[in-house]
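All of the numbers you see were taken from the coordinates with simple rules; none came from a lab. Source: prediction; values computed, not measured.
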């Protein structure tokens, strides 16, 4: 994707998403406890399974970081933005 295409697609996502080096779509999500963090990570894993497109996820007690990128092309693809939008729909707070 061109930097312009990335910027256009990012415009449609929630503000917590950041573009890192035009190759990674990253967001950090905070929760009130480990249970809620783990439930969120499990829901993201289900989305990734259904989409057959998997992010890099790191998480701890009350925070999860998602990095979407299409490893096969070494950068961002339409799938990354679709999956990020689906993750945004999980959040209700």
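For the chain, what does the relative contact order come out to in percent, with C-alpha contacts under 8 Å and a separation of six or more?
Over the chain, the number comes to 31 percent.
Hey, what number do you get for the chain at 222 nm if only DSSP H runs of n ≥ 4 count, each worth -39500 (n - 2.57), divided across all residues, to the nearest 500?
On the way: 3 runs with 37 residues, N = 93.
Per the formula, -12500 deg cm²/dmol.
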